[in-house]
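Here is the structure we will look at.
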Amino acid sequence: MMDSEIRQKKKIKRKKFCQDIYKDRYIYLLLLPSIILIAVFSYAPLPGIRIAFQNYNIYKPEASEWVWFDNFIEIFKYGDCLKAVTNTFYISIVLLFITFPAPIIFALLINEITHTGLKKTVQTISYLPHFLSWISVIGIVTSLYAKSGIVNDFIAMFGGERMLLLAEPGFLVTNVVILNLWKGIGWGSIIFLAAITGVDQALFEAATLDGANRFKQVIYVTIPTIMPTVIIMLIWRLGSLFSDNFELMYGLQNAFVQFEVISTWIYKNGIEGGNYKLSTAFGLLQGVINFIFLFAANQIAKKLTDSSVF
Amino acid sequence: MKKSNSYKVFLFFNFIFMMFIVIVMLFPYLNIIAKSFNDGADTMKGGLTVYPRIFTLENFKTLMKDNSLISAAEVSVLRVITGVVLTLLVQFAAAYALTKNFRGKSIALTLYMIPMFVSAGQMPTYVLFSKMGLLNKFWVYILPSLFSFYNVIIIRTFLQNTIPASLEESAIIDGAGELTVFSKIILPLSKPILATIALWTMVMHWNDYTTTLLYIRKPGLYTLQYKMMELVKESERLQSIIAAARENGEAVDETLLNQMPTSEGITAAQIVLTTLPIICVYPFLQKYFVKGIMAGSIKG
């Protein structure tokens, strides 16, 4: 092929490229705002991750020296950090065992309501707490748990001493479970209820003909068919074992209850305390471990069943 | 299907359980409402259930005198309105563009996708915001959350499923311009999805307090949820002081105790004020929210 011919082809290609771009100029215009937004708010902060590997100088960031993994080693020397990690895990595990199955059971029970109006009403009411912010939920229980509040009325009724529940360190985990159940059980059931409604009715008829009672039908028909949904949701949950709920945990801390989790530790030491390097390192560690967890959970699910997230 | 006796017994207990759930879900909120309309000193006696014993508007009147709270309410409302309008513009524009074929589409999709998996974390974001001068600015509430790829995918899926390309084409053949097609066909047909996204965004903006906690130190920019956080902390602090004094066997400061009755009623009133907008719209919201969950799950 001759040189000029290639050049000619290239020219045509370039011209076509410019024409295409010009033709779709409005499309690019529509995309522009979102591209700018992710560039600024998602990509621009990424170089900041280097703080995790530096002895960060707040006043002269350029002059920060590289210390590589020293910050990560320091995290584990800090008793506080380890405590925050174990606390985060502890809360996650407790919540996993209680608040993961709860919405599934709730969905199965709701499905047994035959009266459509009643079913809808129960569902709608159970969604209510989901729409309140965590801090409003804490506000509500602050009032309910107050000395003259309804919970203490109950305690007093059964002869107990009125107490400040929110100032009891031993009550914290129970409280976190209660609040998560209250806020999440109705909302969490939606996805499972949808899966249950999707079960083929012919399967139930067949099961009835085979003499299976309602309970057996649930065990042998309903539950196996919603299993893929359950596993997908479980993967998401396992993927977040190493993360925590800042809004809730920070809101519940007070003079008596100093239960640190990773996010509250990062907030207090980083933004309040100005320890940029350790908080960045800790945050990065959390992010990486979260990702590994999610990835691992996904691989396991892929092996065991046909369902996976990615 | 014939119901066996044991199944009937189960249904009965299931019904009782559902009633229990309904009570558990509603009671706390009704109790707060009762408290907010009840005389503060009377609330202190305890035993208040779902109706005020001594009706009063005093709690709300006291609340309305608090200028910082009025300002917080204004900031919250302004934030919701600005946030919703701009979010719809940005996300709908991106979603509509992504229904078309154009050069570099896969690059754009990849650019959007990566931040779903990789994020810099709190500290680098904080450092960047302070460099950009976003700290203590109203826009820190709006700009960082404007784009959400998750929402964009949902809008795009909706557009693809409800508006066939042939409809657009035939309109153009009939002589309609791109703009006419957009305003007369695309926009009216997209109302349901726009409502859905608007409501999600509204709830997200209204309920958030961490943005204020992280990036705002200026009291004039506090939101209602942030004031709620302050209130929770304050009332916990007050209770803690009393508890500490009791534990040490000290006499409890009478003035502190006297503050309590009023603050409890006002606390309740403030909770009502902070949550009322959400409570009022949520029965209408929930159907849109449920749709969103379904859309998300179908995608995944």
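Could you count how many residues in region B:33-45 are surrounded by 16 or more Cβ atoms within 10 Å (Cβ to Cβ) and either within 20 Å of A:ALA156 (Cα to Cα) or in the same structural domain as B:TYR282 (by TED's automatic domain parsing) (or both)?
Of region B:33-45, the ones surrounded by 16 or more Cβ atoms within 10 Å (Cβ to Cβ) are B:33-40, B:42-44.
Now restrict to residues that are either within 20 Å of A:ALA156 (Cα to Cα) or in the same structural domain as B:TYR282 (by TED's automatic domain parsing) (or both): B:35, B:42-44.
Number of matching residues: 4.
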For this session: May I ask you to list pairs of residues, at least six apart or on different chains, whose Cβ atoms are under 6 Å apart, with the first in region A:230-244 being within 24 Å of A:GLY283 (Cα to Cα) and the second being at pLDDT below 85?
Result: A:ILE235/A:ALA297; A:ILE235/A:ASN298; A:ILE235/A:ALA301; A:ILE235/A:VAL309; A:LEU238/A:ALA297; A:GLY239/A:LEU294; A:GLY239/A:ALA297
Exercise. Just one of B:ILE197, B:ILE154 is in a helix (DSSP H, G or I), more than 14 Å from every other protein chain (Cβ to nearest Cβ) and either crowded, with 16+ Cβ neighbours inside 10 Å or of a type in the set (Phe, Trp, Tyr) (or both); which is it?
Worked result: B:ILE154
Exercise. Among the residues of region A:183-195, is there at least one that is in a loop (DSSP other than H, G, I, E, B) and surrounded by 17 or more Cβ atoms within 10 Å (Cβ to Cβ)?
Worked result: no
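Against the definition (of a type outside the set (D, E, K, R), surrounded by 14 or more Cβ atoms within 10 Å (Cβ to Cβ) and farther than 26 Å from A:PHE76 by Cα), how does A:ASN298 come out, yes or no? Show your work before the answer.
Values: of a type outside the set (D, E, K, R): yes; surrounded by 14 or more Cβ atoms within 10 Å (Cβ to Cβ): yes; farther than 26 Å from A:PHE76 by Cα: yes.
Taking the combined requirement at face value, the residue satisfies it.
Going by what's in this entry, would B:LEU285 be described as touching a Leu at 6+ places or on another chain (Cβ under 6 Å), farther than 24 Å from B:ASP42 by Cβ, at pLDDT below 85 and surrounded by 19 or more Cβ atoms within 10 Å (Cβ to Cβ)?
Numbers: touching a Leu at 6+ places or on another chain (Cβ under 6 Å): yes; farther than 24 Å from B:ASP42 by Cβ: yes; at pLDDT below 85: yes; surrounded by 19 or more Cβ atoms within 10 Å (Cβ to Cβ): yes.
Here the answer is yes, as B:LEU285 does meet what is asked.
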For this session: Scan region A:128-152 for residues that are among the aliphatic types (A, V, I, L, M), within 7 Å of another protein chain (Cβ to nearest Cβ) and in a helix (DSSP H, G or I) and jot them down.
Result: A:LEU128, A:ILE135, A:ILE138, A:ILE140, A:LEU144, A:ILE150
Exercise. Out of the residues in region A:47-73 that are in contact with a helix residue (DSSP H, G or I) (Cβ under 7 Å, 6 or more places away or on another chain) and part of a strand (DSSP E or B), which is farthest from the other protein chains (Cβ to nearest Cβ)?
Worked result: A:TRP66
Problem set entry | Selection status of B:PHE60, facing chain A (nearest Cβ under 8 Å) and either hydroxyl-bearing (Ser, Thr, Tyr) or surrounded by 14 or more Cβ atoms within 10 Å (Cβ to Cβ) (or both) | no
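Can B:SER148 be described as within 30 Å of B:SER76 (Cα to Cα), among the hydroxyl-bearing types (Ser, Thr, Tyr) and surrounded by 18 or more Cβ atoms within 10 Å (Cβ to Cβ)? Before you say what the answer is, go through the steps one by one.
Details: within 30 Å of B:SER76 (Cα to Cα): yes; among the hydroxyl-bearing types (Ser, Thr, Tyr): yes; surrounded by 18 or more Cβ atoms within 10 Å (Cβ to Cβ): yes.
Yes, satisfied.
The values are calculated or read from the model by the stated rules, or taken from the named source; none is laboratory data. On a predicted model such as this, the values are computed, not experimentally measured, just so you know. For neighbour counting, all protein chains shown are included, and Cβ atoms are generated from backbone atoms with ideal geometry for every residue, glycine included.
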